[in-house]
1. So is B:N202 under 30 Å from A:Y14 (Cβ atoms) and either away from chain A (no Cβ under 14 Å) or of a type in the set (S, T, N, Q) (or both) or not?
2. Check off (1) at positive phi; (2) surrounded by 17 or more Cβ atoms within 10 Å (Cβ to Cβ) for B:G248 and give me the number that stays unchecked.
3. Output yes when any residue across segment A:112-126 is surrounded by fewer than 20 Cβ atoms within 10 Å (Cβ to Cβ), charged (D, E, K, R) and in contact (Cβ under 8 Å) with a residue 24 or more places away in the chain, and no when none is.
4. Checking A:L37 against (1) away from chain B (no Cβ under 14 Å); (2) out of contact with any strand residue (DSSP E or B) (no Cβ under 7 Å at 6 or more places or on another chain); (3) farther than 26 Å from B:K84 by Cβ, which test does it fail?
5. Suppose we keep only residues that are under 21 Å from A:E6 (Cβ atoms), in contact with a Leu (Cβ under 9 Å, 6 or more places away or on another chain) and at pLDDT 95 or above within segment A:148-187. Which one would you say is surrounded by the most Cβ atoms within 10 Å (Cβ to Cβ)?
6. How many of the residues in segment B:135-180 are farther than 28 Å from B:P83 by Cα, aromatic (F, W, Y) and surrounded by fewer than 19 Cβ atoms within 10 Å (Cβ to Cβ)?
7. Report every pair of residues separated by at least 6 positions or lying on different chains whose Cβ atoms are under 8 Å apart, first residue within segment A:171-185 and in contact (Cβ under 8 Å) with a residue 12 or more places away in the chain and not assigned by TED's automatic domain parsing to the domain that holds A:H151, second in a helix (DSSP H, G or I) and acidic (D, E).
8. Does B:M190 satisfy being exposed (fewer than 14 other Cβ atoms within 10 Å of the Cβ), in contact with a Ser or Thr (Cβ under 9 Å, 6 or more places away or on another chain) and hydrophobic (A, V, I, L, M, F, W, C)?
Amino acid sequence: MKPMVEVENLRKIYGDGFEALKGTSLTIEEGEILALLGPNGAGKTTLISALCGITTPSGGHALIGGHDVVREYRAARSIVGLVPQEIALEPFEKVINTVRFSRGLFGKAPDAALTERILRQLSLWDKRNSRTRELSGGMKRRVLIAKALIHEPRVLFLDEPTAGVDVELRRDMWEVVRGLKAQGVTIILTTHYIEEAEAIADRVAVINKGEILLVEDKTALMRRMGRKTLRIDLAAPIDAVPAALADYNLELAPDGDALSYHYDTRGQDGTGITRLLQALAEAGLTLSDLHTTQSSLEEIFVGLVRDQEEETA
Amino acid sequence: MNLRAIQAIYVYEMKRFLRTLMESLLSPVISTSLYFVVFGSAIGSRIDQIEGVSYGSFIVPGLIMLTIITQGISNASFGIYFPKFIGTIYELHSAPINFLEIVIGYVGAAATKSLMIGVVILVTAGFFVDLEIMHPGPMLAFLVLTCLSFSLFGFIIGIWAENFQQLQIIPLLVITPLVFLGGSFYSISMLPPIWQTVSYFNPVVYLISGFRWSFFGLADVPLGLSLLAIAAFTGLCLTIIWLIFKTGYRIKS
């Protein structure tokens, strides 16, 4: 696999002094689906805008398909498709014309068969002669996707593609994304829906306040999600964890009235819960209650963002 | 050069024009006809010939100039302002095209539209007055150059404008007065001397004078100066366009 998108120390400072990207670095392999996850105002859209030519980076550089996005913008942009977050369409133009226009802008000859295929795939074929203002919000978003796909991009940026869309469109969109992946297209999607990242991404990057906090394989993240914590409430507080229980890496609550045990539901040797409970009984401890909790991607995400905010505070 | 992109923009803009063909052509034709009724027939019948040309014929070049200047500006400024306003400008930014190609596409389409309107007015005028074009070649050159330069100017306004008021303000406060006071409906020589001197500071005087010369061989200012004026104005617009391109002024954040 060779890198398709290489971002190195990319910075963006807007005219009002706001630093939207603080030296972001990221490498995306050809054919992978990367989910860029972050809260509102994290810098997701700015990063995509800088890569697609909508905004000029203030520093650092970025390559797409080996081409610098500023110096070799023609070569870089010719392989990039962008589905913007905001719906922006010329209201009086017919669907098929606006899609053809996009292909022309990318310097490609009209291709009726491809146009039909893409419009059919997005359930737009029957609406091809409708004016875009006559379409529903979901249909308009489909048109934006068709416009981004019509010039056969090798890299597709989807900025919040499923924000405010119905279930059917979301499912269709994921289908389209999977189909593109099968063709080897590299896909970067921003979202603040964690389920979306879980459903289709190969890797997840977490961004907040213009900085990438983590880039990790989704499966590795899921594995972290497989970790659970068992909280054992004790009937009577203790001063220290009994020596016989040292192997279990238990954490004693500050009040001494509870123990926490971390385990992995997908662990090779089982969870160890049965043995622990026996050992607790043998150590003479009386239990008053048990709770288990699981760290979700959401918690990992919120935890990362909170850590960063505490650091900068 | 991404020729297909230029073509795509040009065709897209022309289609927008053709969608509103009736409005686009009808309003200039009606207003021109009204000018002929008011100035040509009602008032013109009381005005003597101007250097051997009937008043009705005399105002034809000025009327055409008035229309193509205002149409060129409004078509081009709206053409580029509208995508900025509705957000579809993202597509121009993210496509493998440069600013020059965008300018050629939009300005080319706007200039074509105003040229078409200019020709329609010329034909309409032919129904009201006898028209003889003494120098057809230079007439066409003046027509095309004026359409192009004022479409360039309109494009600049469209880039600069941040709202609809700004889009209107320069055409309304600067261009319309300059055109009306630029000898569209009279010869500069009909003015008192002091206003003649003031008029020579109005660049539109040179355009209308040159254009009128191509019809009747009559000019308020020497032909060379008219050519220089249109060349200088085109050059100025091109320079501003180039500066916008170099600095990215109001195109990208």
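The values are calculated or read from the model by the stated rules, or taken from the named source; none is laboratory data. Because the structure is predicted, anything quoted here is derived from the model rather than measured. Reconstructed Cβ throughout: ideal geometry from the backbone, glycine too, with neighbour counts over all protein chains shown.
1. So B:N202 fails the test.
2. The one condition B:G248 does not meet is (2).
3. No, segment A:112-126 has no match at all.
4. Answer for A:L37: the failing condition is (2).
5. The extreme case among them is A:F157.
6. Result for segment B:135-180: 1.
7. Listed by first residue and then by second, the contacts come to nothing, as the list is empty.
8. Numbers: exposed (fewer than 14 other Cβ atoms within 10 Å of the Cβ): yes; in contact with a Ser or Thr (Cβ under 9 Å, 6 or more places away or on another chain): no; hydrophobic (A, V, I, L, M, F, W, C): yes.
Spelling it out, it is not the case that B:M190 is exposed (fewer than 14 other Cβ atoms within 10 Å of the Cβ), in contact with a Ser or Thr (Cβ under 9 Å, 6 or more places away or on another chain) and hydrophobic (A, V, I, L, M, F, W, C).
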